[in-house]
1. If you take the residues in region 178-209 that are buried (at least 16 other Cβ atoms within 10 Å of the Cβ) and among the small types (Gly, Ala, Ser), which one is modelled with the lowest pLDDT?
2. Assess whether residue 150 counts as being open to solvent by 70 Å² or more (accessible area, probe 1.4 Å) and of a type in the set (A, V, I, L, M).
3. If we scan region 130-141, do we find a residue that is touching a Ser or Thr at 6+ places or on another chain (Cβ under 6 Å), at pLDDT 85 or above and either not in a loop (DSSP other than H, G, I, E, B) or not small (Gly, Ala, Ser) (or both)?
4. Answer yes or no: is there a residue in region 45-64 that is in contact with a helix residue (DSSP H, G or I) (Cβ under 9 Å, 6 or more places away or on another chain) and modelled with pLDDT of 85 or more.
5. Mind listing just one residue for me: the one in region 70-84 that is touching a residue at least 24 places away in the same chain (Cβ under 8 Å) and not aliphatic (A, V, I, L, M) and, of those, most open to solvent (accessible area, probe 1.4 Å)?
6. May I ask you to list pairs of residues, at least six apart or on different chains, whose Cβ atoms are under 8 Å apart, with the first in region 44-69 being free of Cβ contacts under 8 Å to residues at least 60 places away in the same chain and more than 30 Å from residue 142 (Cβ to Cβ) and the second being open to solvent by 40 Å² or more (accessible area, probe 1.4 Å) and not in a loop (DSSP other than H, G, I, E, B)?
7. Suppose we keep only residues that are surrounded by 14 or more Cβ atoms within 10 Å (Cβ to Cβ), at pLDDT 65 or above and aliphatic (A, V, I, L, M) within region 153-177. Which one would you say is farthest from residue 46 (Cα to Cα)?
Amino acid sequence: MKWTLPNILTVLRLLAAPGVAVLFLYFSRPWADWLALALFITAAVTDWFDGYLARAWKQESRFGAMLDPIADKAMVVIALVVLTGYSGMNPWLILPATVILFREVFVSGLREFLGADAGRLRVTKLAKWKTTAQMVAIAVLFLGTGLAYLEQGQAPRAGEGDIRLGATPADFATHVGLALIWIAAVLTAITGWDYFRKALPYLKEPSHD
């Protein structure tokens, strides 16, 4: 494996994923929210740059192709876990987050089962839009949690997850983030079904004539 710049960016993005959660251990809120937002956006931007640079500089590698989707999934999964906890266990967030987590685990298991045939499940344009929608939604939701903490002066308690109709910046960011995460969940479900449909021919039992 060559340590090209695209590969380095991918590795850094993978390391940034748990860093989002670690920030809440060492920083008080809302600083943890702002730093998590900055780290997540920076990592998300590298998702575009590493692929672009790898193609432009002809530095595409098997290592990068393997690690890139893992880094994306780690970022999304860890960020969603953090958000569901710090959003007061909002059911309107938990449901789309569940859909996203289920799909990511399902598709990963499907690829592992297919083994050598997993390469036939190529990433589609819709799957790339799905990833973009997830990352934008998560960034907006981190903005909402930070603003909510500033407005309330304390973290929301678990169970206080009702959507409040209001015109505060925190309400607006949260509502936009929730709308985006639902859109991302729908795209995630569609792409998951598409991968499953393409994998069906390889899941059939061999005939015994």
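The values are calculated or read from the model by the stated rules, or taken from the named source; none is laboratory data. Given the structure is predicted, the values throughout are model-derived calculations rather than measurements. All Cβ positions, glycine included, derive from the backbone under ideal geometry; neighbour counts span all protein chains shown. Accessible surface is based on the protein model in full, side chains and every heavy atom, while ligands, DNA and RNA are left aside. Shrake-Rupley method; radii C 1.70, N 1.55, O 1.52, S 1.80 Å.
1. Here the answer is 199.
2. yes
3. yes
4. yes
5. Restricting to residues being touching a residue at least 24 places away in the same chain (Cβ under 8 Å) and not aliphatic (A, V, I, L, M), the top hit is 73.
6. Note: pairs meeting the criteria are 57/5; 59/5.
7. The qualifying residue farthest from residue 46 (Cα to Cα) is 170.
Conditions tested, residue by residue: (1) exposed (fewer than 14 other Cβ atoms within 10 Å of the Cβ); (2) over 18 Å from residue 131 (Cα atoms).
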site: 9; (1), (2): no, no
site: 19; (1), (2): no, yes
site: 23; (1), (2): no, yes
site: 28; (1), (2): yes, yes
site: 35; (1), (2): no, yes
site: 53; (1), (2): no, yes
